[in-house]
Amino acid sequence: MDFFDHTSKAYIEPIDEIKFYRAAYPIPSKLIYSPFSRPEFPQKSMKGKIKELPKLYHGTHLYCINDSILYFQGLLGAPATGIFLEELIALGIKEFIFLGLAGAIQSASIGDRIIVTEAVRLEGTSHHYLPTHAPSLPSIEMTNDLSDFFLSRGISCTKGKICSTDAPFRETFNLVNQLRQKEVIAIEMEIAAAFAIASFRNVKAAAMVIISDELKGDQWSKFQPDQYSDTFLASFNYLLNYFSQ
């Protein structure tokens, strides 16, 4: 069954859900989106004016930085990402960078930065925004600009494919082998949905993941926050600079 239908009007539109918010708070057009909450990050970011805005949902955080960049901390998973991005786009976001974590299945180590060139679609949300056969892709222009920004500053990063899944407990041996054959570097849970929504809503999107764990032999390593947290925070600051230039 192909869920995608670009012709029919939905019963609920995101703008209907956030009319009150849009009227009360001016929203910048640029967004950094993280799928989990780390309230200390804005305080550790580059110096500037940081204002926390009222929450869109319980467990999330929304910040405006220097009156020009929105930073949203959401919840894990493609469905939550879909809801939040729809509403943020309805508020006026025109371009966003997704900054997340991923588990490496080949050719990457904990703490590595991956700029995503495609997200293989093993989640459900993207299928409501793109035909089933279509790839989930970022803005090519924005992705190349982001890569150039990092490389021109001598900051190590790799461009490549990741996979988005709704079922982390069904990452089977056969599935991982198939993904490796497709040159997929890492697995996470949200980016395929984020790219699909950006395409459907005609906004620009790019994504970067930091490798937080890795598949060694037949076992996943434990999360290594001491190895990836500093890289994640530094990358967040770099993305602020990218959007500020």
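Quick grid of which residues meet (1) over 30 Å from His133 (Cβ atoms); (2) touching a strand residue (DSSP E or B) at 6+ places or on another chain (Cβ under 7 Å); (3) aromatic (Phe, Trp, Tyr); (4) assigned to a helix (DSSP H, G or I):
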position	(1), (2), (3), (4)
Ala186	no, yes, no, no
Phe200	no, no, yes, yes
Ala206	no, yes, no, no
Val209	no, yes, no, no
Phe223	yes, yes, yes, no
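Could you give me the residue pairs with C-beta distances under 6 Å whose first residue belongs to the range 32-57 and is modelled with pLDDT of 65 or more, whose second residue is small (Gly, Ala, Ser) wherever it lies, and which are 6+ apart or on separate chains?
Pro35/Gly74; Pro35/Gly100
Here are some residues: Ser244, Ser235, Ser229, Ser221. Which one is surrounded by 19 or more Cβ atoms within 10 Å (Cβ to Cβ) and small (Gly, Ala, Ser)?
None of the other options fit; the residue is Ser235.
I need a count of the residues in the range 7-26 that are over 21 Å from Lys55 (Cα atoms) and hydrophobic (A, V, I, L, M, F, W, C).
1
Of everything in the range 133-174, what is of a type in the set (A, V, I, L, M), within 23 Å of Glu214 (Cβ to Cβ) and over 14 Å from the mean Cα position of the chain (by Cα)? Give them in sequence order.
Within the range 133-174, Ile155, Ala167 qualify.
Give the residue that is surrounded by the fewest Cβ atoms within 10 Å (Cβ to Cβ), with candidates limited to residues of the range 56-99 that are of a type in the set (Phe, Trp, Tyr) and not in a helix (DSSP H, G or I).
Tyr57
Can you go through Lys182, Lys216, Lys159 and tell me which one is farther than 19 Å from Ser235 by Cβ and at pLDDT 95 or above?
Criteria check complete, one pass: Lys182.
Could we say that Val203 is under 30 Å from Thr7 (Cβ atoms), crowded, with 16+ Cβ neighbours inside 10 Å and not polar (S, T, N, Q) here?
yes
Hey, could you check the range 149-191 for residues that are basic (Lys, Arg) and under 17 Å from Gln219 (Cβ atoms) and say which is surrounded by the fewest Cβ atoms within 10 Å (Cβ to Cβ)?
Arg170
Does the range 84-99 include one or more residues that are out of contact with any strand residue (DSSP E or B) (no Cβ under 6 Å at 6 or more places or on another chain) and within 22 Å of Leu179 (Cα to Cα)?
Checked against the condition, which is being out of contact with any strand residue (DSSP E or B) (no Cβ under 6 Å at 6 or more places or on another chain) and within 22 Å of Leu179 (Cα to Cα), the range 84-99 yields no hits at all.
Quick check on Gly111: is it part of a loop (DSSP other than H, G, I, E, B), out of contact with any Leu (no Cβ under 6 Å at 6 or more places or on another chain), more than 21 Å from Ile211 (Cβ to Cβ) and at pLDDT below 95?
So Gly111 does not fit the description; no.
Could you list all residues from the range 117-148 that are more than 14 Å from Phe4 (Cα to Cα) and either among the β-branched types (Val, Ile, Thr) or surrounded by fewer than 17 Cβ atoms within 10 Å (Cβ to Cβ) (or both)?
Thr117, Val120, Ile140, Glu141, Thr143, Asn144, Asp145, Asp148
Among the numbered criteria (1) farther than 27 Å from Ser221 by Cβ; (2) touching a Phe, Trp or Tyr at 6+ places or on another chain (Cβ under 9 Å); (3) modelled with pLDDT under 95, which one does His133 miss?
Unmet for His133, out of (1) farther than 27 Å from Ser221 by Cβ; (2) touching a Phe, Trp or Tyr at 6+ places or on another chain (Cβ under 9 Å); (3) modelled with pLDDT under 95: (2).
The values are calculated or read from the model by the stated rules, or taken from the named source; none is laboratory data. Here the structure is a predicted model, which means the values were calculated and not measured. Cβ atoms come from the backbone with ideal geometry, glycine included; neighbour counts cover every protein chain shown.
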